[in-house]
Amino acid sequence: MNHQGEHGTMLKVTGLQKVYRGGATEVEAVRDLTFDLAEGELVCLVGPSGCGKTTLLKCIAGLMPPTSGTVELAGRPVTAPPPDMAVVFQEYGRSLFAWMSVRANVELPLKEKKLGKARRAELVAESLEAVGLTAFADAYPWQLSGGMQQRVAIARAIAYEPQVLLMDEPFAAVDAQTRADLEDLIRAIWRRMGVTVLFVTHDIDEAVYLGERVLVLSSSPTVVQDDITVDLPAERDQLTTRQDERFTELRARVYAEIQQAKNSAKGAPENPADGAGTGAARASTAVH
Amino acid sequence: MSQPTQTGPAAPAPAGSAPAPARGARPRRPHRGGAARRAGSRALHVLLLPVVLIGVYAYASATSSSYYTPTPDLIASAFVELWFSERLFADVLPSIARLLTGFTLAALIGVSLGVLLGMSSRVRATLEPVLEFLRAIPPPVLVPLMILLAGIDDSMKILVIVSGCVWPILLNTVEGVRAVDPVLADTARCYGIGGTTRLRVLVLRSASPQIMAGLRLALALAIILMVISEMFASSSGLGFAIVQFQRSFAIPEMWAGMVLLGLIGFALSALFELAESRVLYWYRGLRAAHRGE
Amino acid sequence: MTATPATRAPDPPAPAVRRRRGPTRADLGRPLLGALGILALLALWEAVPRLGVVSDRYLPPATDVLAALGVRATTPGFWTAVGDTLAGWALGLAIAFAAAVVLGFTLGALPRVRAYTTSTVDFLRPIPSVALIPLAVLLYGTDIRSTLLLVVYACFWLIYIQVLYGVADVDPVAEQTARSYGLGRLARVRHVVWPTTLPYLMTGVRLAAAVALILSITAQLIIGSPGIGREIAVAQSSGAVESVYALIVATGALGVVINTGVRVLERRVLRWHTSVRGEATA
């Protein structure tokens with residue numbers, strides 16, 4: 001899928017900047033970010049940890065006003081959490097209501113949407129089915145494993161029927177095996193529902209494996225350092241895709257970009273042997 | 001800013017709850033013939049020490065010449081005679097009614113003010129030192145003050161209970177509301193959960209462990225305040241009756257009154273624990289799950 | 001997955017400075033707002049009786065009360081009363097602490113024996129200590145021992161239960177590790193059990209310190225043992241409204257001193273503990 005897209009633009013981020021002011025000091029977490037997501041696209045945002053990914057995501061989600069720049073969702077500016085956007089946070093344990101059953105957790109936003117009882121039940125059943133948790137509808141989140149808890153959060157997000165699904169390092173805190181399963185789950189849901197997904201991660205493999213496009217962020221203060229189209233087949237598989245030559249190439253490219261971002265952030269003189277990446281030249285202009 | 005009404009750093013469990021919190025249900029395997037033996041051993045565990053203690057007391061009081069320690073059977077017969085009579089309706093039930101009224105009012109005021117304060121950091125900063133001071137006043141000193149203000153009637157006693165009990169509830173609610181998980185708060189915002197739903201589903205529920213801890217402390221205080229407001233200046237009520245017995249040297253009756261007070265304290269605490277285990281079912285489970293990791 | 005370990009983006013050096021140097025506006029603002037709150041309360045307290053909203057027979061203006069407190073503070077009787085109250089508080093707390101620590105650690109280490117005490121503890125613990133007032137009067141009259149009986153009874157359970165919590169919280173892995181390194185029983189208590197229990201113990205002490213003051217003053221108020229509580233009862237029965245208020249303010253101040261002191265102590269004792277460390281370096 002091409003990133004200008006045959007469909008319209010769903011999410012448009014223009015010149016986004018975020019400066020935290022804490023008394024005397026200022027921290028520029030995000031400098032100047034511009035990118036957009038076409039309708040139905042699955043885009044991964046990858047960057048070194050601490051590069052302001054979470055800040056960016058919060059600005060997009062309308063949880064935090066940017067210092068300057070705009071976020072538009074389907075042509076409308078985002079100033080507060082928009083009703084057709086859902087977010088899955090990294091901290092699954094903290095984003096679920098511990099005092100509610102799995103079912104109630106998924107159903108609560110639907111109640112706030114004033115959906116009828118029958119429709120709610122239908123959506124809850126469908127989404128729990130999609131994440132494979134039908135049998136655990138009456139359990140409490142803390143009775144489930146970490147991966148299952150994150151599935152609940154995903155079920156809640158898809159039951160909400162959003163146009164855009166934001167995911168903030170959702171699998172950073174689960175074990176490797178669960179992570180692979182959840183990655184496949186996200187691909188499956190995305191392909192079935194046609195929802196636009198922005199997936200933030202610090203894991204390069206994950207970004208390349210999941211995304212149709214990978215946006216590489218620089219270190220703080222953050223800019224978009226590279227925009228890579230992932231031309232892997234739509235049908236992906238943990239074993240074969242990861243062994244694919246093209247996958248390895250893309251991974252190496254993203255890795256080099258990130259390495260480059262890290263070095264320029266240090267302000268250290270660049271080691272030419274180290275920075276041998278395709279994006280090196282372009283990146284250096286972006287960072288300095 | 002740690003509050004003395006809160007539990008320790010490592011122990012967010014409500015202060016003074018049962019020493020063995022749920023550590024995950026242990027699967028029980030039925031043993032043949034083991035059930036009866038286990039029941040027997042359990043009964044032994046529960047009953048042995050109380051029986052020994054009462055026995056020792058009975059022996060000591062029977063052999064001692066002290067007038068102040070009547071034998072258990074004397075206390076028991078005084079207990080039956082006293083409290084299974086109209087005194088129950090004249091002294092005991094009104095006391096308990098005042099206690100519960102005061103406690104309920106304090107809970108309503110404390111929780112609503114606590115939510116307001118917890119949500120606004122500016123208001124909190126302004127009122128913090130004042131609250132710190134008001135909380136530090138030992139509630140019993142309010143008894144003479146309330147007598148000055150409200151006389152010696154029911155409203156005085158209820159006012160004493162309310163004004164003493166409101167602080168632990170208020171301050172714990174503030175702490176609880178402040179501690180609402182930011183990730184959960186963001187989640188609620190993303191899904192458009194606001195207004196009263198937010199209050200009901202997010203704020204009050206996530207503050208409930210702290211609120212319950214505050215209520216527990218307040219309940220203990222309420223009993224103390226009920227008794228001493230009646231002891232200090234009153235013409236009725238359980239506290240008054242006990243002091244009367246003591247002053248007129250009706251020793252078995254005095255003991256019967258003390259026993260009744262103890263039983264009321266025990267019963268209220270047991271009821272509270274029951275309510276708490278329902279309200280905080282999720283919290284116990286959550287903590288047990290964290291411990292298991 | 002282990003065959004192809006995920007390539008993690010390398011950690012960059014710490015992003016821009018996030019540490020704040022020196023007090024910021026927000027830091028200075030809080031105490032300022034707090035002072036404002038106290039001033040506003042005093043102003044309100046002054047205005048309400050002065051404007052006649054409430055008769056000054058019920059609520060004397062703040063300045064009158066503070067003046068009355070000032071006058072009292074020059075009398076030796078006041079300081080004797082403060083001393084008596086504090087003596088009842090400190091002694092009662094110390095006895096309860098010693099008894100609770102000894103019994104708590106002993107029974108905590110002997111779960112089989114402890115099982116026999118649970119029912120009794122669960123029954124005795126919620127008994128309000130004020131129920132003991134008549135007995136205290138009969139046995140000790142207005143002696144300080146009356147005060148101590150109430151204080152010790154109330155505080156003992158608070159600390160005892162926390163010690164039991166703490167002992168139960170000892171990490172079995174740490175305990176086994178210590179055992180496998182051949183640490184003896186005493187060494188294990190010192191290096192494993194004690195550090196785990198300490199935060200719980202301090203919580204118990206913090207709760208008990210506040211409760212001890214409450215009961216110390218209750219005993220003086222009701223039984224008439226010497227202390228501020230008795231002074232308040234005397235002032236009330238002689239209709240000295242200003243004095244009642246002044247003494248209440250004094251007990252509040254005493255309470256603030258005790259609460260603050262205990263908090264400082266807790267922070268010092270638990271300096272190594274994460275919860276305190278976090279607070280100190282944040």
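So the values come out like this:
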item: Test: residue in segment B:197-214 that is at the interface with chain A (Cβ under 7 Å from one of its Cβ atoms), farther than 23 Å from B:Arg284 by Cβ and not in a helix (DSSP H, G or I); result: no
item: Test: residue in segment B:198-217 that is modelled with pLDDT under 90 and out of contact with any helix residue (DSSP H, G or I) (no Cβ under 8 Å at 6 or more places or on another chain); result: no
item: The lone exception for A:Gly146 - which of (1) in contact (Cβ under 8 Å) with a residue 40 or more places away in the chain; (2) over 29 Å from A:Ile60 (Cβ atoms) it fails; result: (2)
item: Yes/no for C:Ile95 being in contact with a Pro (Cβ under 7 Å, 6 or more places away or on another chain) and modelled with pLDDT of 90 or more; result: no
item: Test set (1) of a type in the set (A, V, I, L, M); (2) more than 22 Å from the chain's Cα centre (by Cα); (3) under 24 Å from B:Arg189 (Cα atoms) - A:Ala135 fails condition number; result: (3)
item: Scan of segment B:99-145 for residues that are more than 14 Å from every other protein chain (Cβ to nearest Cβ), surrounded by 23 or more Cβ atoms within 10 Å (Cβ to Cβ) and more than 20 Å from B:Gln210 (Cβ to Cβ), ordered by number; result: B:Gly102
item: Answer from C:Val151, C:Val163, C:Val121 - the residue that is farther than 25 Å from B:Ile54 by Cα, among the hydrophobic types (A, V, I, L, M, F, W, C) and under 27 Å from the mean Cα position of the chain (by Cα); result: C:Val163
item: Segment A:90-113, residues that are within 7 Å of another protein chain (Cβ to nearest Cβ), outside any helix (DSSP H, G or I) and aliphatic (A, V, I, L, M); result: A:Ala98
item: Close pairs from segment B:257-275: first at the interface with another protein chain (Cβ under 8 Å from one of its Cβ atoms), partner part of a helix (DSSP H, G or I) and among the small types (Gly, Ala, Ser), Cβ under 6 Å, at least 6 apart; result: B:Gly257/B:Ala241; B:Met258/C:Ala131; B:Leu261/C:Ala131; B:Gly262/C:Ala131
item: Condition met for C:Ala136 (part of a helix (DSSP H, G or I), more than 7 Å from every other protein chain (Cβ to nearest Cβ) and either over 17 Å from C:Ser225 (Cα atoms) or at pLDDT 95 or above (or both)); result: no
item: Residue that is surrounded by the fewest Cβ atoms within 10 Å (Cβ to Cβ) [pool: residues in segment C:215-236 that are at the interface with another protein chain (Cβ under 8 Å from one of its Cβ atoms) and more than 17 Å from C:Leu254 (Cβ to Cβ)]; result: C:Gln236
item: Identity of the residue in segment C:119-131, surrounded by fewer than 22 Cβ atoms within 10 Å (Cβ to Cβ) and facing chain B (nearest Cβ under 7 Å), that ends up nearest to B:Leu271 (Cα to Cα); result: C:Phe123
item: Any hit, segment A:33-48, residues being closer than 28 Å to A:Gln143 by Cα, in a strand (DSSP E or B) and more than 14 Å from chain C (Cβ to nearest Cβ); result: no
item: Qualifying residue in segment B:223-230 (condition: part of a loop (DSSP other than H, G, I, E, B) and facing chain C (nearest Cβ under 9 Å)); result: no
item: Matching helices (runs of 4 or more DSSP H) fully within segment B:101-192 where at least 1 residues are modelled with pLDDT under 90 and in contact with a Ser or Thr (Cβ under 6 Å, 6 or more places away or on another chain); result: B:142-150, B:154-178
item: Within segment B:156-190, considering residues that are acidic (Asp, Glu) and out of contact with any Leu (no Cβ under 7 Å at 6 or more places or on another chain), the one surrounded by the most Cβ atoms within 10 Å (Cβ to Cβ); result: B:Glu175
item: C:Ala253 vs. criteria free of Cβ contacts under 8 Å to residues at least 12 places away in the same chain, facing chain B (nearest Cβ under 9 Å) and surrounded by fewer than 24 Cβ atoms within 10 Å (Cβ to Cβ); result: yes
item: Any chance C:Ala212 is in contact with a Cys (Cβ under 8 Å, 6 or more places away or on another chain), more than 9 Å from chain B (Cβ to nearest Cβ), in a helix (DSSP H, G or I) and modelled with pLDDT of 90 or more; result: yes
item: Residue that is farthest from B:Met156 (Cα to Cα), among those in segment B:231-252 that are part of a helix (DSSP H, G or I) and more than 10 Å from chain C (Cβ to nearest Cβ); result: B:Pro252
item: Residue list for segment C:44-73, filter: within 12 Å of chain B (Cβ to nearest Cβ) and assigned to a helix (DSSP H, G or I); result: C:Leu44, C:Trp45, C:Val65
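The values are calculated or read from the model by the stated rules, or taken from the named source; none is laboratory data. Just so it is clear, the structure is predicted and the values come from calculations on it, not from any experiment. Here the Cβ is made from the backbone with ideal geometry for all residues, glycine too, and neighbour counts use every protein chain on show.
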